[in-house]
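The values are calculated or read from the model by the stated rules, or taken from the named source; none is laboratory data. From a predicted model like this one, the values you see are computed outputs, not experimental measurements. Counting neighbours? That spans all protein chains shown, and the Cβs are built from the backbone with ideal geometry, glycine included.
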Amino acid sequence: MSKLKVYHVGRSRSLRALWLLEELGLPYDVEKLEFLPGNFGGDAYTKIHPLNKVPALEDGEMVMSESIAIMQYIMNKYGAGHLRPETDSPEYGPYLQWLHYGESSLAPIVVNLMYQRHFFKPEQRSESIDIWAQKELSKYLSILEDQLGDHDYILESGFSAADISIGYTLLLIRLAQAKEQITPRIEKYWKTLTARDSWKKVSEI
Ligand SMILES: N[C@@H](CCC(=O)N[C@@H](CS)C(=O)NCC(=O)O)C(=O)O
């Protein structure tokens, strides 16, 4: 196995890949990129990721992007069945759903709020988009709350890669300063996730 390399910017989606690698106990290298808004890593990085976004993963000659796909690649190739239920488990379908929910469903709404509140100049902001995004986020988080029920993690059987996917998006919500949408139940879940040694380590990188 060649050593995996993760292209990383602090507090970004590359944390998903690093967090997963830590949980799996796999060796990896981190290449920290310069934070240039709209052009992470500068021109040299465009050869690795044509959109200059993170994460990107290198495994020998293979280069790929998309944080959830990277997680699936690492788990399928090197994960020895950890952090996901078996395909014949009743939890496998829900697991896949929540693994993708973090990026495909939740993140776009949060990114909307991020642009509204941080990246756009005041004259570019739209109050109606902000109100719409807040309502959507509440709805999407209420489904998460239902799923959590009274267990610590998304799946009743325990911590899985789905928690890494959703957990990162909860950080994104905080960075977007959309904390008003976070209910006490979701906050409790966030505290459980961030108490893990793996999170503590990668969140410092
Ligand atoms: N769907 C992609 C999103 C990648 C993405 O937008 N990454 C952000 C960091 S969290 C980024 O690189 N932003 C820089 C930019 O948009 O210029 C994934 O999950 O990897």
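Being within 21 Å of residue 18 (Cβ to Cβ) and modelled with pLDDT of 95 or more holds for only one residue in 157, 165, 138, 142, and it is 165.
Residues of the stretch 50-65 that are touching a residue at least 12 places away in the same chain (Cβ under 8 Å) and under 23 Å from residue 22 (Cα atoms): 53, 54, 55, 56, 57, 58, 59, 60, 63, 65.
The rows are residues; the columns are (1) more than 16 Å from the ligand (Cβ to nearest atom); (2) in contact with a helix residue (DSSP H, G or I) (Cβ under 7 Å, 6 or more places away or on another chain); (3) in the same structural domain as residue 171 (by TED's automatic domain parsing).
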{"site": "105", "(1), (2), (3)": "no, yes, yes"}
{"site": "108", "(1), (2), (3)": "no, no, yes"}
{"site": "112", "(1), (2), (3)": "no, yes, yes"}
{"site": "120", "(1), (2), (3)": "no, no, yes"}
{"site": "132", "(1), (2), (3)": "yes, no, yes"}
{"site": "139", "(1), (2), (3)": "yes, no, yes"}
{"site": "143", "(1), (2), (3)": "yes, no, yes"}
{"site": "146", "(1), (2), (3)": "yes, no, yes"}
{"site": "149", "(1), (2), (3)": "yes, no, yes"}
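Would you please name the residue that is surrounded by the fewest Cβ atoms within 10 Å (Cβ to Cβ), looking only at residues in the stretch 58-80 that are more than 9 Å from the ligand (Cβ to nearest atom) and of a type in the set (D, E, K, R)? Going through the qualifying residues, I end up with 61.
The set of residues from the stretch 39-57 being within 19 Å of residue 168 (Cβ to Cβ), assigned to a loop (DSSP other than H, G, I, E, B) and either among the hydrophobic types (A, V, I, L, M, F, W, C) or more than 10 Å from the ligand (Cβ to nearest atom) (or both) comprises 40, 51, 54.
Taking (1) within 14 Å of the ligand (Cβ to nearest atom); (2) assigned to a helix (DSSP H, G or I); (3) farther than 26 Å from residue 140 by Cα in turn, residue 36 satisfies each apart from (2).
Looking across 134, 124, 177, 147, one residue alone is of a type in the set (S, T, N, Q), more than 30 Å from residue 89 (Cα to Cα) and surrounded by 14 or more Cβ atoms within 10 Å (Cβ to Cβ). It is 134.
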